[in-house]
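> Before I ask anything, let me first share the structure, which is written out below as structure tokens.
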Amino acid sequence: NLKDQPNYGLESTPDPQFANLKIKIQEEKNNSFEGVLGYVPAIRVGPRNASGSWIGKINLNLNNFLGGLRQSQINWERKDRLSSNLVFAYQQKQLFNLPLEGKISFQQKDQDTSFIQTSIRSGLGYHWNENLNTFIEFGWDKIIPEKESQRLLPISRKFTVGASVSLDYLDFNFNPRKGIYYQIEMSYAKQKNQATANYIPSKNQNNNFVS
């Protein structure tokens, strides 16, 4: 269905010499790149010098990666010397020539002097027809506190599983003028915390230790 693919456009008008409607299409270049890059020189923090660092933001979107129905994305952002965010994502439709859609992503976030978070997501969708779609997703997250935060934050691991069902009656997915879209989502998560050597559980109002 071409209305679901933003990477294709009409190449010419129909030819009236044919009894059947014949329309040529072409794959459009739908890739993009944007970036800003800077450098923060070394500064003196207390008795020692802090090293300089690169800061900026880079977004690379490959919406027709290797041709066909593949999409890839790379995002990198660094606000200051202590905070950064890196994301890799890949998506492919029509897996094994079936109405299957696969997604996988990786993210690593460094939040100043608080924690480092690593996340992995993967999912598989099935397009039953033009309107009905189902999707299931699995996730894994791990948070490791920085040295300065180990007294307040434990090491945590979280596993998630989710499912969604959607009904799409929009006339055009990427710029709809009319139609209705329904979606139902469900998810379940299980988290496990592990105390560090310096972790001190907090107290609740009844002076009971909690973590």
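> Which of the trypsin sites (Lys or Arg not before Pro) found in the range 162-202 are in a DSSP loop and have at most 13 neighbouring Cβ atoms, other than their own, within 10 Å?
When the trypsin sites (Lys or Arg not before Pro) of the range 162-202 are filtered for loop state and at most 13 Cβ neighbours within 10 Å, ARG177, LYS178 remain.
> Right, something else. Under 13 Å from the 7 Å Cα→Cβ point of GLN117, by amide nitrogen: which residues of the range 57-85?
Once the point is set 7 Å along Cα→Cβ of GLN117, 84-85 turn out to lie under 13 Å by backbone N, inside the range 57-85.
> While we're looking at this one, here's another question. If the chain between ILE180 and LEU60 were fully stretched, how many nm would it gain, using 0.36 nm times the residue separation less the Cα-Cα distance?
In short, 40.0 nm is gained.
> Please identify every one of the chymotrypsin sites (Phe, Trp or Tyr not before Pro) in the range 61-170 that sits in a loop by DSSP and has no more than 10 other beta carbons within 10 Å of its own beta carbon. Could you put the intermediate results ahead of the total?
Numbers: sites: PHE65, TRP76, PHE88, TYR90, PHE96, PHE106, PHE115, TYR126, TRP128, PHE135, PHE138, TRP140, PHE159, TYR169; in loops: PHE65, TRP128, TYR169.
Answer by residue number: TRP128.
> First compute the accessible area of the range 27-121 with a 1.4 Å probe, then give the percent of it belonging to carbon and sulfur atoms.
Values: 3480 of 6300 Å².
About 55 percent, which is the carbon plus sulfur part of the accessible surface.
> Apply the Karplus parameterisation 6.51 cos²θ - 1.76 cosθ + 1.60, with θ equal to phi minus 60°, to every residue of the range 112-125 and state each ³J(HN,Hα) to the nearest whole Hz, in sequence, with x for glycine and proline.
My calculation for the range 112-125 gives 5, 9, 8, 7, 10, 10, 10, 10, 10, 10, 9, x, 9, x Hz in order.
> Quick check on my link table: of LYS147/LYS190; LYS79/LYS109; LYS57/LYS109; LYS93/LYS178; LYS109/LYS158; LYS57/LYS103, which ones sit more than 18 Å apart, alpha carbon to alpha carbon?
Values: LYS147/LYS190 25 Å; LYS79/LYS109 12 Å; LYS57/LYS109 14 Å; LYS93/LYS178 25 Å; LYS109/LYS158 15 Å; LYS57/LYS103 24 Å.
Those over the limit are LYS147/LYS190; LYS93/LYS178; LYS57/LYS103.
The values are calculated or read from the model by the stated rules, or taken from the named source; none is laboratory data. Just so we're clear, the structure is a prediction, and the values are computed from it rather than from any experiment. Neighbour counts are summed over all protein chains in view; Cβ atoms, including those assigned to glycine, are modelled from backbone coordinates with ideal geometry. Just the protein is used for accessible areas: all its heavy atoms, side chains included, with ligands, DNA and RNA removed. Shrake-Rupley method; radii C 1.70, N 1.55, O 1.52, S 1.80 Å.
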